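Have a look at the structure below, then the notes.
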Amino acid sequence: MEFILEMPKPYGGRLVEAVSNNKEECAGCPSLDINSTIDMATGIPIRNAYREIMSIAYGFFSPLDRFMTREDVESVISERRLPEGWIFPLPIIYDVSEEEIREKSLKEGDRVQLNLKGHPFAYIDIEEIWDVDSKDLAARAFGTPERNGEVLRKALDQKHPGWQIYRNMKNRAIAGKVKIINEPKFRDPYNRFWITPAESRRIFKERNWRTVIAHQTRNVPHRGHEELMKEASFCGDIEPCNAILVNAIIGSKRMGDFVDEAILEGHEALEKYGYISQKRHMVSFTLWDMRYGSPLESLLHGIIRQNMGCTHHMFGRDHASVGDYFDPYATQKLWTKGLPSYGFPDSPLNVDKGLSIRPVNVGEFVYCPICGGMVYADTCGHKEAEKFSGSFIRGIIAEGITPPDAIFRNEVYDVILKWWAKYDYPFVNRRYLERKEEELEVYF
Amino acid sequence: MSYRILIILDDKRMARIKGTKLESYAKGIYAGCLRGIDIDVDDKRADFILKMFPRSRIDSMGYIEELPVSFKQELFNALAESGDFSEAIDMVLKPDRLQMIKEKAAMEDEKLPVPNIKLK
């Protein structure tokens, strides 16, 4: 028998790699400081464009190599594709104020240096300067119930973190290709998990990982996640997948989510203590302030993980979702039969310029006292099986109750306690988001 | 439609309801690894609770989750005092008690005590 699958090509044919470490490329250019997008209602940082610059420049978002023009954004919102035809689900915009444009006399054709934490970091070659109507952008970025009623149950509003990001953008945008000229360093523990697509592809080859399944996460893993990863990895082709790539999304998050350090080290603990073999497991992250766009976000996840070299991607219930805006199975529907109202008459694999990464749609894992552990809900026949949710686990953790080993590994709980002790709080709160912007992620 | 709030019963809470009729409502969770009591909450009260605590939500099993620790603590206290589920909910939703819970909840967002457990 022959193997069927092999590492897919980067989406669009090649990885974007726009990193030079040559500050001279910006000599004499006007400069702008990169500031966080702030939720005007609460004053909390909810996004930082530096994360998008990193994800573009290192090829996570390939073939996207730029901040979008007005035409790009319209194409993305109406077709979920770039004007060149490649799938891209969400607007990527470098927003600036009118004052910044005026003060620096910025105009199309200029190269503008972008400073991060007071240091030269990257540049944009300005192709277009355009007006942003943030109200309209927020209303349309994720679709509307009128147009996308097949999965979008209600209009997004101020309770939706992705809506907030677009709604709080400034009123002008500069569009154009970006390049990093001075790589920031990641603080511990992020530095252990920073693996670019070029690097992950190299590692996969080195370890002879022909088929790799991606696990999207914004959670510290409970036993349900662990079983999901182990069992989903049995897809492969004529043998199970050679490995699991855990790829955490690191950035601003919802209040009450687990802190990023605990997410990364929690997954690391699973391999450190042998619950998933190091020979078949790798933990990494992508910088991105989650938009919680459910099926749309899943397309971005597919693009990122194909670029990292994965052959498969797990998609569960409520993938990258928040609240009850989207059908809980919107992502699985998209990857199985398409979502015509979003421009996908068929699965993203089976459309023109489609993705190559294959979906593995998975259901729920439950605890069954008769089977004696975590089981797949659809295959366990015992009525005694008990569901549990991430919010339930967060609830007992907040109350100071040690989660039972049956649903949460002690070693993973230890990681939570470690970061809880550091931040006086087990989850993302306002102080964490503010400190994260100032000091926790990168330095020069 | 009715929703539920699950109050987890640690040893301290179990001791407090020992010998009362509440004890008979305590159920084992995850093969007895945890114990808890389900409190039914009607639609109207559930809506009110969700409004009072904007981060709270109803999970896929119909439980109101992501409630402040202080809310759950006060709900348990009210339950232990009254011995009645419906009365306990009414007690914590009274304006003065609710205000006190909200004040505590605001502080919770800043700091929660780390459990006194020895790390490996």
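The values are calculated or read from the model by the stated rules, or taken from the named source; none is laboratory data. Predicted model only: the values in this text are computed from it and were never measured. Positions of Cβ are backbone-derived with ideal geometry, glycine not excepted, and every protein chain shown enters the neighbour counts. Side chains included, ligands, DNA and RNA excluded: accessible areas come from the protein's heavy atoms. Shrake-Rupley method; radii C 1.70, N 1.55, O 1.52, S 1.80 Å.
Details
- Which listed residue, of A:THR336, A:THR311, is buried (at least 22 other Cβ atoms within 10 Å of the Cβ), at negative phi and in contact (Cβ under 8 Å) with a residue 24 or more places away in the chain: A:THR311
- Contact map, segment A:414-441: first residue without any contact (Cβ under 8 Å) to a residue 24 or more places away in the chain, second residue loosely packed, with under 15 Cβ neighbours inside 10 Å and β-branched (Val, Ile, Thr), Cβ cut-off under 8 Å, separation 6 or more or different chains; pairs are A:LEU417/B:ILE117.
- Total residues in segment A:313-338, condition closer than 21 Å to A:ALA139 by Cα, in a helix (DSSP H, G or I) and of a type in the set (S, T, N, Q): 1
- Complete set of residues in segment B:50-79 that are open to solvent by less than 20 Å² (accessible area, probe 1.4 Å), in a helix (DSSP H, G or I) and under 17 Å from A:ARG394 (Cβ atoms): B:SER70, B:PHE71, B:LYS72
- Residues satisfying the stated conditions in segment A:321-345, i.e. modelled with pLDDT of 95 or more and of a type in the set (Gly, Ala, Ser): A:ALA330, A:GLY338, A:SER341, A:GLY343
- The lone exception for B:ILE7 - which of (1) within 12 Å of the chain's Cα centre (by Cα); (2) within 14 Å of chain A (Cβ to nearest Cβ); (3) surrounded by fewer than 16 Cβ atoms within 10 Å (Cβ to Cβ) it fails: (3)
Conditions tested, residue by residue: (1) in contact (Cβ under 8 Å) with a residue 60 or more places away in the chain; (2) farther than 30 Å from A:ARG201 by Cα; (3) not assigned by TED's automatic domain parsing to the domain that holds A:ILE249.
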{"position": "A:GLY13", "(1), (2), (3)": "no, no, yes"}
{"position": "A:VAL16", "(1), (2), (3)": "no, no, yes"}
{"position": "A:ILE34", "(1), (2), (3)": "yes, yes, yes"}
{"position": "A:ILE38", "(1), (2), (3)": "yes, yes, yes"}
{"position": "A:ALA41", "(1), (2), (3)": "yes, yes, yes"}
{"position": "A:ARG47", "(1), (2), (3)": "yes, no, yes"}
{"position": "A:ARG51", "(1), (2), (3)": "yes, no, yes"}
{"position": "A:SER55", "(1), (2), (3)": "yes, no, yes"}
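- Filtered residue count, segment B:87-108, keeping only those that are at the interface with chain A (Cβ under 9 Å from one of its Cβ atoms) and over 13 Å from B:PHE71 (Cβ atoms): 0
- Scanning segment B:10-42 for residues that are within 11 Å of another protein chain (Cβ to nearest Cβ) and assigned to a strand (DSSP E or B) yields B:LYS27, B:GLY28, B:ILE29, B:LEU34, B:ARG35, B:GLY36.
- Qualifying residue in segment A:299-317 (condition: more than 14 Å from every other protein chain (Cβ to nearest Cβ) and of a type in the set (Lys, Arg)): yes
- Here A:GLY59 clears all of (1) in a loop (DSSP other than H, G, I, E, B); (2) under 20 Å from the mean Cα position of the chain (by Cα); (3) surrounded by fewer than 22 Cβ atoms within 10 Å (Cβ to Cβ) except the condition numbered (3).
- For A:LYS333: the one exception among (1) of a type in the set (Lys, Arg); (2) closer than 25 Å to A:LEU5 by Cβ; (3) under 13 Å from the mean Cα position of the chain (by Cα): (3)
- Residues in segment A:144-198 that are closer than 22 Å to A:THR286 by Cα and free of Cβ contacts under 8 Å to residues at least 40 places away in the same chain: 3 in all.
- Only residues that are over 13 Å from the mean Cα position of the chain (by Cα) and within 22 Å of A:MET255 (Cα to Cα) were counted across segment B:62-97, and they come to 1.
- Test: residue in segment A:122-137 that is free of Cβ contacts under 8 Å to residues at least 60 places away in the same chain, more than 30 Å from A:HIS160 (Cα to Cα) and not hydrophobic (A, V, I, L, M, F, W, C): yes
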